[in-house]
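Reviewing the structure listed below.
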Amino acid sequence: MKLRKVTAASATVLALALTATACGGDDKDSGSSDGGGKKITIGIKFDQPGLGQKTPDGYEGFDVDVATYVAKKLGYSEDQIEWKESKSADRETMLQRGDVDFIAATYSITPERQEKVDFAGPYLLAHQDVLIRADDDKIKSPEDLNDAKLCSVTGSTSAQNVKKKLAPKAQLQNYPTYSACLNGLQTGAIDALTTDDSILAGYAAQNQFKGKFKLGGFKMTNENYGIGVKKGSDLKAKINDALEAMVSDGAWDKAVKDNFGPANYKNEPAPKIGDVKS
């Protein structure tokens, strides 16, 4: 009789353990919780210096700093973050499939993207600009790009937009990567490289390029960087709260200085949540 009582008690304990496992034993707690889970997965770029870059020592850049701050406000420490590469063409799909909890990867808020995913932010207002050699005194406006050799990264529309709207006589030079464009700019094979000013500043801030290039400061477009989340996710409001806290406590300004300072990047003030500039 005593043995049966012990067995019944053991069965009860086992049932409770199984119930607890079913409720919360997943290796990855969803980022839609209040945080404190085992892991949160965040999408970033792996190949953009100053913004999102994978290095032998880990991950660094402005987007990484913003994402880390947000994750901490959600209840996750740095060692609970799993970084996942989010290439531009894959971002909406990754969010829709649930591959990541959120994405901070120079992700401009556009009406087309808002049909597929939601955005917190914006957390940075960037502009399309040009990067030129530090001693270049000929290119002072977008119109001065006429007859200049303008670098176009394969698959990018930035240089084509300049040629179509501002400098129809610009000579587009197709290069496979921004790094290749920078090398061409350094040797004089090209005269200017164009993309978002934040991206240009990140490249120019690299040790091997310090002092060699400068931004034109043309502000040809508005690029409102937001943090992408799955459509309908309750993370949007929580991330917005975190971004506001980052600005108010000075962490946002510090992140800008740490990542873009060497390029003398004249950034816009931190944008207000929901203020998307057209």
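The values are calculated or read from the model by the stated rules, or taken from the named source; none is laboratory data. Everything numeric in this text was worked out from a predicted model, so none of it was measured. Cβ sites come from the backbone with ideal geometry, for glycine too, and all protein chains shown count toward neighbours. These area figures cover heavy atoms from the full protein model, side chains too; ligands, DNA and RNA do not enter into them. Shrake-Rupley method; radii C 1.70, N 1.55, O 1.52, S 1.80 Å.
Give Gly250, Gly232, Gly226, Gly202 a once-over and let me know the one that is crowded, with 22+ Cβ neighbours inside 10 Å, more than 30 Å from Asn183 (Cβ to Cβ) and small (Gly, Ala, Ser). Before you say what the answer is, go through the steps one by one.
Working: Gly250 fails: crowded, with 22+ Cβ neighbours inside 10 Å; Gly232 fails: crowded, with 22+ Cβ neighbours inside 10 Å; Gly202 fails: more than 30 Å from Asn183 (Cβ to Cβ).
Criteria check complete, one pass: Gly226.
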Quiz item: For Asp99, are the conditions met, namely being open to solvent by 40 Å² or more (accessible area, probe 1.4 Å), in a loop (DSSP other than H, G, I, E, B) and at positive phi?
Solution: no
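If I ask for residues that are of a type in the set (D, E, K, R), under 17 Å from Glu112 (Cβ atoms) and out of contact with any Phe, Trp or Tyr (no Cβ under 9 Å at 6 or more places or on another chain), which ones from the range 71-101 would you list?
Across the range 71-101, the qualifying residues are Asp90, Glu92.
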Quiz item: List pairs: first in the range 50-61 and crowded, with 16+ Cβ neighbours inside 10 Å, second among the basic types (Lys, Arg), Cβ under 8 Å, 6+ apart or cross-chain?
Solution: Leu51/Lys45; Gly52/Lys45; Gln53/Lys45; Gly61/Lys45
Quiz item: Only one of (1) modelled with pLDDT of 95 or more; (2) open to solvent by 60 Å² or more (accessible area, probe 1.4 Å) is not met by Ala242, so which one is it?
Solution: (2)
Quiz item: Inside the range 178-233, counting only strands (runs of 3 or more DSSP E) that do not spill past its ends, which hold 1 or more residues that are under 24 Å from Ile103 (Cα atoms) and not polar (S, T, N, Q)?
Solution: 192-196, 223-230
Practice problem: Determine which member of the set Thr195, Thr221 is open to solvent by less than 70 Å² (accessible area, probe 1.4 Å), within 21 Å of Pro49 (Cα to Cα) and of a type in the set (Val, Ile, Thr). | Solution: Thr195
